[in-house]
2 protein chains.
Amino acid sequence: MSESASPTVSGRRLEHPETARLRLETVLGALADPVRLSIVCALADGHEDMACVAFDLPVSKSTSTHHFRVLREAGIIRQYYVGTARKSALRTDDLQERFPGLLPSVLNAERDRREEHPDDPA
Amino acid sequence: MSESASPTVSGRRLEHPETARLRLETVLGALADPVRLSIVCALADGHEDMACVAFDLPVSKSTSTHHFRVLREAGIIRQYYVGTARKSALRTDDLQERFPGLLPSVLNAERDRREEHPDDPA
DNA sequence: GCCAAAGTACGATAACCATCGTAGTACGAG
DNA sequence: CTCGTACTACGATGGTTATCGTACTTTGGC
């Protein structure tokens with residue numbers, strides 16, 4: 001296969017909603033979950049190259065898959081395959097364009113909460 | 001009770017969470033509903049003196065009560081009785097203190113959406 | 001080709017939530 | 001005191017969601 005693709009990118013395709021079609025309720029609903037909020041926080045803290053399995057979430061592997069899909073379908077993250085791994089990145093710019101200031105304020109609030117209660121797993 | 005009560009305030013008490021105890025997931029979850037989002041939007045647009053019944057929501061009265069309670073228990077609105085009416089006000093300052101920038105960004109996004117799709121009931 | 005690793009798909013289950021109708025409570029007007 | 005208005009409480013119901021385990025697929029290394 002000599003197509004002009006990234007070195008190890010698989011042919012598998014993942015659905016991503018267009019920026020203009022992102023829905024506010026969907027985004028808020030996706031962020032209104034402790035597990036997903038911690039995923040978003042980890043991605044924002046520069047762990048964009050982490051595979052799903054590396055997040056060490058307090059749920060099973062299939063539940064983890066489910067949460068990543070909810071985030072992807074809400075338009076909050078973009079996912080791509082690298083070998084057997086599936087890596088994720090925040091759609092920071094898209095979100096800023098569509099819902100200015102929303103993601104930063106959520107991230108700041110969540111970071112503050114983590115400083116207050118560092119032991120809180122949720 | 002020495003809380004400088006308004007003239008016609010009833011003895012009925014409503015529970016309101018303290019500002020310091022507001023939870024981000026709860027707030028996001030409360031906002032992740034079209035009906036509640038439209039309530040919040042109406043309140044932000046200066047209709048703070050409206051009674052619940054005046055919002056003309058596309059749901060029954062008991063469902064409306066439910067949504068107002070969710071907003072109140074999440075800490076997004078404050079409610080007080082005036083005669084038989086129960087009026088609501090956004091806790092703008094409390095929210096700004098606890099989650100800076102969150103409410104304005106949500107309101108802006110929702111207003112933009114309404115400009116794009118003025119006929120969308122949801 | 002074969003195996004392990006990472007993730008997906010699917011079905012089941014339990015919890016949660018939005019919705020409603022009905023019955024009831026609180027309040028003000030008369 | 002009675003009545004109407006505004007809201008609440010309660011129970012039912014149907015839909016969505018979070019969770020899991022098991023079986024399957026895709027990929028890369030040997």
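We did not get these values from a lab; they are worked out from the coordinates using the rules stated. Because the structure is predicted, anything quoted here is derived from the model rather than measured. Don't worry about glycine lacking a Cβ; one is built from the backbone with ideal geometry, like all the others, and counts go over all protein chains shown.
Below is a table of values for the structure above.
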{"quantity": "Average Cα contact separation per residue, chain A, under 8 Å, 6 or more apart, as relative contact order %", "calculated": "32 percent"}
{"quantity": "Estimated FRET transfer efficiency when R0 is 22 angstrom, pair A:HIS117-A:GLN96 (beta carbons, to 0.05)", "calculated": "0.20"}
{"quantity": "Shortest-first distances to equivalent copies, position B:THR63, nm, label 7 Å out along Cβ", "calculated": "3.1"}
{"quantity": "Relative exposure of A:HIS16, B:HIS117, judged by other C-beta atoms within 10 Å (fewest first)", "calculated": "B:HIS117, A:HIS16"}
{"quantity": "Cα-based reach from A:LYS87 at 28 Å (exclusive), listing lysines while leaving out same-chain residues under 8 positions away", "calculated": "A:LYS61"}
{"quantity": "Per-residue Cβ neighbour rank within 10 angstrom, fewest leading, A:GLU110, B:GLU97, A:GLU115", "calculated": "A:GLU115, B:GLU97, A:GLU110"}
{"quantity": "Label 7 Å beyond Cα on the Cβ vector: A:ALA89 copy-to-copy distances, nm", "calculated": "4.7"}
{"quantity": "Residue among B:TYR81, B:MET50, B:LEU95 farthest towards the positive dipole end of the stretch B:46-95, charges placed on Cβ", "calculated": "B:TYR81"}
{"quantity": "Per-copy distances of the A:ASP49 label point, shortest first, in nm (7 angstrom along Cα→Cβ)", "calculated": "6.1"}
